[in-house]
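K.L.:
Structure provided below as structure tokens; questions to follow.
The values are calculated or read from the model by the stated rules, or taken from the named source; none is laboratory data. Every value quoted in this text rests on a predicted model; they were computed, and no experiment measured them. Heavy atoms of the whole protein, side chains included, go into the accessibility calculation; ligands, DNA and RNA do not. Shrake-Rupley method; radii C 1.70, N 1.55, O 1.52, S 1.80 Å.
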Amino acid sequence: MSARLPSWAWVTGLTTGAIAVVAVLAVQADQGTKPVAATSPPSASATADPQPSASVPQKEKPAAVPADSGTGRRIVYSLGQKRVWLVDASDAARHSFTVWPGTVAPDPGTYSIGTRNEATTGSDGVPVEHIMYFAQKSGVFVAFSNAVDGSSPPPAGPGAKTGGIRVAKQDGKALWTFGTPGTTVRVVG
């Protein structure tokens, strides 16, 4: 004869397990990379620094999250600054980094992460990973991604339409972890 646990014991066990998982994830997130300001914006040249946020360490104040970027947990993408912020629910920037935008930019506004793809080949022929689609403009899908080898994208050829917003490899990992499907993406000018 087997002993049956009362239903409240199952609920208690599941709740305790869920709290433990959330606690572990919170500790991991808190130990992650903190916001760092790059010393110079990335260049679209083939010789650009492949890791813009890993520039010479300096004691600089991180770039502030744009005031017109909304509130709550979100990814903020500034077209003018070519920069992304990962903002937590308390409106604190947890990570910030510069990006290499494609030739097709999303309009300012609010979007959300839709389809995610772990790896594919970019329209420039470069193997990319951590692809997170959030917008479409002029028939071109707009997504964050990083090159598998950590390289920066070469300049787009004349008339090329690319919607990939390339990030450094370590920033791509942070963005992938933060940007689950449905996460708000706020694009500002």
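K.L.:
For the stretch 92-140, what does the relative contact order come out to in percent, with C-alpha contacts under 8 Å and a separation of six or more?
P.N.:
RCO, the stretch 92-140: 35 percent.
K.L.:
For T115 and D91 in the same chain, what is the full-extension length gain: residue separation times 0.36 nm, less their Cα-Cα distance, in nm? Each step should come with its number before you reach the end.
P.N.:
Values: separation 24, 0.36 × 24 = 8.64 nm, distance 2.49 nm.
Here the segment from T115 to D91 would lengthen by 6.2 nm.
K.L.:
Right, something else. Rank these residues by their accessible area, most exposed first, probe 1.4 Å: Y133, Y77.
P.N.:
On the way: Y133 70, Y77 5 Å².
So the residues, ranked largest to smallest area, are Y133, Y77.
K.L.:
If you don't mind, there's one more thing I want to ask. Taking 0.36 nm per residue of sequence separation and subtracting the Cα-Cα distance, how much length would be gained by fully extending the chain between A67 and T103, in nm to one decimal?
P.N.:
Difference between extended and current length: 10.4 nm.
K.L.:
Continuing with the same structure: For L79 and T180 in the same chain, what is the full-extension length gain: residue separation times 0.36 nm, less their Cα-Cα distance, in nm?
P.N.:
Numbers: separation 101, 0.36 × 101 = 36.36 nm, distance 2.16 nm.
Result for the pair: 34.2 nm of gain on full extension.
K.L.:
What figure in square angstrom, to the nearest 10, would you give for the accessible area of L79 with a 1.4 Å probe?
P.N.:
Roll a 1.4 Å probe over it and L79 shows about 50 Å².
K.L.:
Express the relative contact order of the stretch 114-189 as a whole percentage, based on alpha carbon pairs under 8 Å and six or more residues apart in sequence. Could you put the intermediate results ahead of the total?
P.N.:
Working: 119 pairs, mean separation 20.7, N = 76.
Averaging sequence separation for qualifying contacts and normalising by length gives 27 percent for the stretch 114-189.
K.L.:
Continuing with the same structure: How many lysine pairs does the stretch 53-189 hold where the Cα atoms are under 29 Å apart and the two sit 8 or more places apart or on different chains?
P.N.:
Lysine pairs satisfying the spacing and distance rule in the stretch 53-189 number 15.
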